[in-house]
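Read the structure below first, then the notes.
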Amino acid sequence: MIRRLCALVLIASPAFAFAASKEIQELQRDVAILQDLVKQIQQSQDKQFAALGEMVRQSLDAANRANTAVAVIQSGFQQSGNQLKTDVVGPVVGLSTRMDQVTNSVSTLQQAVSDLTSSLNRIQAQLTDIGNAIKVLQTPPPPPPPGQTTTPGGGAQTSDSASSVPPVNATDLYNSARTDHQSGKLDFALQEYASYLKYFGNTNFAPYAQYYIGSIHYSQKNYETAAADFDTLLEKYPDTPGISAQAHEYKGKSLVALGKRTAASLEFNAVIRNYAGTDTASQACTDLKELGMHCPPPAHPAIKRKD
């Protein structure tokens, strides 16, 4: 039995061997073909990698050239900026400095103009005061005091009984006071006016002596005393031609200087009301407006007359 089996195996072995050899050959052929394909793919990849490497190299070269160009442009911009800073910024800074100087000069000029305007206003007020004083000075003096006689020794006696004998006669005392007043000897003038009022307080010159006392105190900026002097004049010698309006006016100015605006406005209104049409009334109206107050119209039309 075993022998038979062995015989059968020996008979079948050549056929099996031939079939196996044929499959191996086909497998070897397929492997060869596969190897050839792998080789072709490898060659294609090598070519592609080489081309890709060349492209990368070219890109790197282009990037380096671009960086160089950017550096050159940046350097050019920086040089242009520095040149522009030199050519433009410097003059602009200088112009700004000059503009600041011009602004400061304009401010200084404005302050100077303001100071000049204030000075002109003060000068105008002083000129007005001088004009008013000149008007008073130009007022014809009244005749010599009545009831006066001159003694051979030069002394003066009046019809009124006096407690003491005056040092000089009324006319000489008044003229001496006026001379000292006009020559600037104000202290002497004040004493002489006061002596005149003491000895000759009821004469026609007395209101003028009282007025000049007030005007001297006003010029010395002794406004409180000046206001009292003018008030005394208006109380003792009411409605004296030529100086009553001036007394109200300068009493009002003295009160303004003392900060008593309401009381001052009453004096200015009194001038406008009682002496309508005069230069003093016009000045009183201006003074009211400077106080921020309304200047009332005159109570009735009046022909303009000199104070």
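The values are calculated or read from the model by the stated rules, or taken from the named source; none is laboratory data. Keep in mind that what you see is a predicted model, and the values were worked out from it rather than measured. When we count neighbours, we look across all protein chains shown, and the Cβ atoms used for this are built from the backbone with ideal geometry, even at glycine.
Considered as a group, the residues in segment 253-272 that are of a type in the set (Gly, Ala, Ser) and over 32 Å from the mean Cα position of the chain (by Cα) include one that is nearest to GLU290 (Cα to Cα), and that residue is ALA263. Here VAL256 clears all of (1) within 26 Å of ASN175 (Cβ to Cβ); (2) crowded, with 17+ Cβ neighbours inside 10 Å; (3) among the β-branched types (Val, Ile, Thr) except the condition numbered (1). Residue count for segment 234-259 under the criterion of being part of a helix (DSSP H, G or I) and either among the small types (Gly, Ala, Ser) or closer than 13 Å to ALA281 by Cα (or both): the result is 10.
One residue alone among SER219, SER195 is surrounded by fewer than 16 Cβ atoms within 10 Å (Cβ to Cβ) and under 26 Å from LEU173 (Cβ atoms), and that residue is SER219.
Return the only residue of VAL106, VAL56, VAL89, VAL113 being of a type in the set (Val, Ile, Thr), at pLDDT 85 or above and assigned to a helix (DSSP H, G or I). One residue alone meets the criteria, VAL56.
Listed conditions (1) in contact (Cβ under 8 Å) with a residue 24 or more places away in the chain; (2) closer than 24 Å to TYR174 by Cα are all met by ASP231, apart from (1).
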